[in-house]
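Here the structure comes first, spelled out in structure tokens, and everything after it is commentary.
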Amino acid sequence: MSTRSPIVSVLGHVDHGKSSILDSIRGSNIVAGEAGAITQAIGASIIPLELIKKKCGHLLQALKMDFTIPGLLFIDTPGHAAFTTLRKRGGNLADIAIVVVDIKEGFKPQTIEAIEVLKSYKTPFVIAANKLDLIAGYTKNHDSVLQDIKHQQPNVQGAIDTKLYELVGQLYDRFGLVAERFDRVSSYTSQIAIIPCSAKEQIGLQELLMVITGLAQKYLEESLNINVSGNAKGTILEVKEEKGLGKTVDVIIYDGMLSVNDTIVIGSLDKPIVTKVRALLEPDPLAEMRDKKSKFRSVKKVSAAIGVKISAPELDGVVAGMPVRSCLPSEVEKVKESLMSEVDEVIIETDHEGIVIKADTIGSLEATINILKENKIAIRKATIGNINKKDYADAESNFDKDPLMSVILGFNVVDETGINSDTVKVLTNDVIYRLVNDFEKWQEEKRKSEEEKKLDILVRPCKVEVLQNCIFRQSNPCIMGVEVLVGVLKTGTPLMKSTRRLSEVKSIQAENENVQKAEKGKQVAISLPNVMAERHINENDILYSDIPEDDFRKLKKLTNFLTKDEITVMKEIAEIKRKNNPVWGV
């Protein structure tokens, strides 16, 4: 057995400095020709322990630990959504994470997204509060961030503390997580460490490395033990077309060893793909992996933890996030079965009611499912790929039973159908929690709309006053001017005076125009058939809508959609009705 490097993912909102943090950690450690210099891997950067010790020096010594981890492997696949690709059975591919936050801007949608996903996978993380140098009045004096903060003007120190405690408050209010500045943390098992830093000014990076290395050594050592000579286990980061190589896969190997000519099995939506490793490729030393002109060198074997490009035949149909295993030819069927069960744990297809989910990778699908389940949202189907006609059919089958479940949610995918459906709602987003929020907001609006439709067929509470000198016609029908005191007066509304029913409003006129309704505060002329002025009705009379008893009972269940004034008028109407029937509307 051997201890591998812990895998560290760096996450955060766009423009908050994820790449800058990585580049600074990398750049400050790259010295041409230096023994143990940083190594570039596919989609990752490997920083050996010796270099971390050299960089952090006395900080690591102060921890009084015996370090056995060989270093840190930073996943640096570009792009916000990449981290949702990072999965392995039972959790996140990353052992530990750094969430980068702009200290001045605080948490933004993608920061919140990252923490939601890390929480759902139970992945430990720290907060790198970046861009410390942008606090007004900040000047760099020391490389040590704590010493540097101490030497700032009192107002600058106060501003830094304010910003840090805003982050502490946001972590607690939104996620229920307790956090503190890293040097004030009393227990790393119950508190999130916040490390103030500046990638630009190279402040706080050694403290960040020290905290990550210390946490990994103290809490992750057991989970980092691997069988170096065992079969390789990995996760696909990206599928690419490489000139001269055809389709290749970038893979993070997190367990075992992989060699050229090894048989590998790759998980798939249909059936596992079995192929042989034609070539293993690593970047040239000090290559910038984001540069498309990067050159690769061929290697015979690699061992965990490492990022490597695999060239192999028959890679069509491979998608990011899928598991990869190496095995002996005699073990292929057993491994295929294991990988299919692993993929089937994520893919959902049932006959039950629930929404349809589509995502771009198996990792992002799993993250979306986890967050939806936390929000107790039922799922009928969850799979990978763009939205298609079959998805519409699956979602539409819910419509008759529950229109609120006739929904397709798409994370990082597009609707390929061009269908404009009245029965299926499609929502897409590239931030999972926003997608969930959009869905819940749509459901609430839809529910409110459905309830309001129920209201529309009921006689609603309304109160009007007959205006003075505004009886324009005595009878057949009686026409008079009224002011709507409460509620909405509609054509067809039955009116009563005290306990006596008068008639239904035949028509409403406002400024010589026929209208269907009049809101509170409006003065309009109404016509009432079978009513005679001065016998049945007089100036200054107060009239109420004559609500049928059954309507009244239904309205009591819909008071959320009535105004306070309308609820008060309902009570007045009930009092009038109960003069003749004490249990009316009960």
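The values are calculated or read from the model by the stated rules, or taken from the named source; none is laboratory data. Quick caveat, the model's predicted, so the values are computed rather than measured. FYI the Cβ positions are ideal-geometry reconstructions off the backbone, even for glycines, and counts take in every protein chain you see.
Just a few scattered comments:
- Only a single criterion out of (1) under 49 Å from the mean Cα position of the chain (by Cα); (2) assigned to a strand (DSSP E or B); (3) of a type in the set (Val, Ile, Thr) is not satisfied by Ile567, namely (2).
- Scanning the range 352-396 for residues that are farther than 30 Å from Gln110 by Cβ and without any contact (Cβ under 8 Å) to a residue 12 or more places away in the chain turns up Lys390, Ala393.
- So Ile160, is it farther than 30 Å from Ile7 by Cα, touching a residue at least 12 places away in the same chain (Cβ under 8 Å) and among the aliphatic types (A, V, I, L, M): yes
- Those residues of the range 1-48 which are surrounded by fewer than 23 Cβ atoms within 10 Å (Cβ to Cβ), more than 31 Å from the chain's Cα centre (by Cα) and either modelled with pLDDT of 70 or more or not assigned by TED's automatic domain parsing to the domain that holds Val101 (or both), in sequence order: Met1, Ser2, Thr3, Pro48
- Filter result (among the acidic types (Asp, Glu) and at pLDDT 90 or above) within the range 315-349: Glu331, Glu333, Glu337
- Across the range 59-73, a minimum of one residue is classified as at pLDDT below 85, assigned to a helix (DSSP H, G or I), touching a helix residue (DSSP H, G or I) at 6+ places or on another chain (Cβ under 8 Å) and not acidic (Asp, Glu).
- Residue match in the range 165-180 (condition: in contact (Cβ under 8 Å) with a residue 40 or more places away in the chain, acidic (Asp, Glu) and farther than 23 Å from Thr111 by Cβ): no
- Of all residues making up the range 436-445, the number that are out of contact with any Lys or Arg (no Cβ under 8 Å at 6 or more places or on another chain) and either in contact (Cβ under 8 Å) with a residue 24 or more places away in the chain or over 21 Å from Gly354 (Cβ atoms) (or both): 4
- Any hit, the range 189-205, residues being assigned by TED's automatic domain parsing to the domain that holds Gly57 and under 30 Å from Gly256 (Cα atoms): yes
Here's the yes/no breakdown for (1) surrounded by fewer than 12 Cβ atoms within 10 Å (Cβ to Cβ); (2) not in a loop (DSSP other than H, G, I, E, B):
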site	(1), (2)
Glu452	yes, yes
Pro461	no, no
Asn469	yes, yes
Met480	no, yes
Lys520	no, no
Val531	no, no
Asn540	yes, no
Leu555	no, yes
Asn560	yes, yes
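- Per the listing Glu238, Glu282, Glu242, Glu288, the residue uniquely in the same structural domain as Glu333 (by TED's automatic domain parsing), modelled with pLDDT under 90, buried (at least 16 other Cβ atoms within 10 Å of the Cβ) and farther than 27 Å from Glu345 by Cα is Glu282.
- The lone criterion from (1) surrounded by 18 or more Cβ atoms within 10 Å (Cβ to Cβ); (2) part of a strand (DSSP E or B) left unmet by Asn514 is number (1).
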